[in-house]
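S.K.: Following this message is one structure expressed as structure tokens.
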Amino acid sequence: MAEHQSGPVETGAPMDYAEHEKTYTFFLAASKYVTIFCVALLIAMAAGFFTSAGFFTATVLFILLNVAGVVLLR
């Protein structure tokens, strides 16, 4: 039969809550900027492929959308 523990289950090191908060804050910021990048890329690809804008205009649009997204969501 299995032994039943009556004490606390956690026997490792205590949680470092300050480090946990820093990691979570970094994760949220990284998620926000990756989302901005992906949305800007999709919009620029649509402008470049489905209009007569061309590669150069789509690249400029991509850069402008990234800059605008970072500035607005800072």
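The values are calculated or read from the model by the stated rules, or taken from the named source; none is laboratory data. Quantities reported herein were computed from a predicted structural model and do not represent experimental measurements. Cβ sites come from the backbone with ideal geometry, for glycine too, and all protein chains shown count toward neighbours. Ligands, DNA and RNA are stripped out before the accessible areas are found, and what is left, the full protein with its side chains, is counted by its heavy atoms. Shrake-Rupley method; radii C 1.70, N 1.55, O 1.52, S 1.80 Å.
S.K.: At a Förster radius of 30 Å, what calculated FRET efficiency corresponds to the Cβ-Cβ distance of Tyr17 and Val67, to the nearest 0.05?
M.R.: My answer for the efficiency is 0.30.
S.K.: Let me ask another. With point charges of +1 on the Cβ of Lys and Arg and -1 on the Cβ of Asp and Glu, referenced to the Cα centre of the chain, which listed residue (Gly54, Leu65, Val34) lies farthest in the positive direction of the dipole?
M.R.: Highest projection toward the positive end goes to Gly54.
S.K.: Given Cβ point charges of +1 (Lys, Arg) and -1 (Asp, Glu) and nothing else, what value in debye, to the nearest 20, does the dipole of the chain about its Cα centre take?
M.R.: With Lys and Arg at +1 and Asp and Glu at -1, about 580 debye.
S.K.: Further question: So which GluC sites (Glu not before Pro) in region 8-74 are both in a DSSP loop and have at most 14 other Cβ atoms within 10 Å of their Cβ?
M.R.: Hits after loop and neighbour filter: Glu10.
S.K.: Which percent of the accessible area of the chain is formed by carbon and sulfur heavy atoms (probe 1.4 angstrom)?
M.R.: Carbon-and-sulfur percentage of accessible area, whole number: 73.
S.K.: Taking the full set of protein chains and a 1.4 angstrom probe, give the accessible area of Met45 in square angstrom, rounded to the nearest 10.
M.R.: Its heavy atoms expose roughly 80 Å² to the probe.
S.K.: Residue by residue through region 63-74, which ³J(HN,Hα) values in whole Hz follow from phi under the Karplus form 6.51 cos²θ - 1.76 cosθ + 1.60 (θ = phi - 60°), with glycine and proline marked x?
M.R.: Residue by residue, region 63-74 yields 5, 5, 5, 5, 5, 5, x, 5, 5, 6, 9, 5 Hz.
S.K.: Please express the shape of the chain as an equivalent ellipsoid: the semi-axes are the square roots of 5 times the eigenvalues of the C-alpha gyration tensor, given largest first in whole angstrom.
M.R.: They are 49, 16, 6 Å, listed from largest to smallest.
S.K.: Going from most exposed to least, what order do Ser31, Ser52 have by accessible area with a 1.4 Å probe?
M.R.: Largest accessible area first, the list is Ser52, Ser31.
S.K.: Can you list the residues, at least 5 places off or on another chain, whose amide H is less than 5 Å from the amide H of Ala53, using H built in the peptide plane?
M.R.: For Ala53, whose amide H was placed from the backbone, there are no distant partners under 5 Å.
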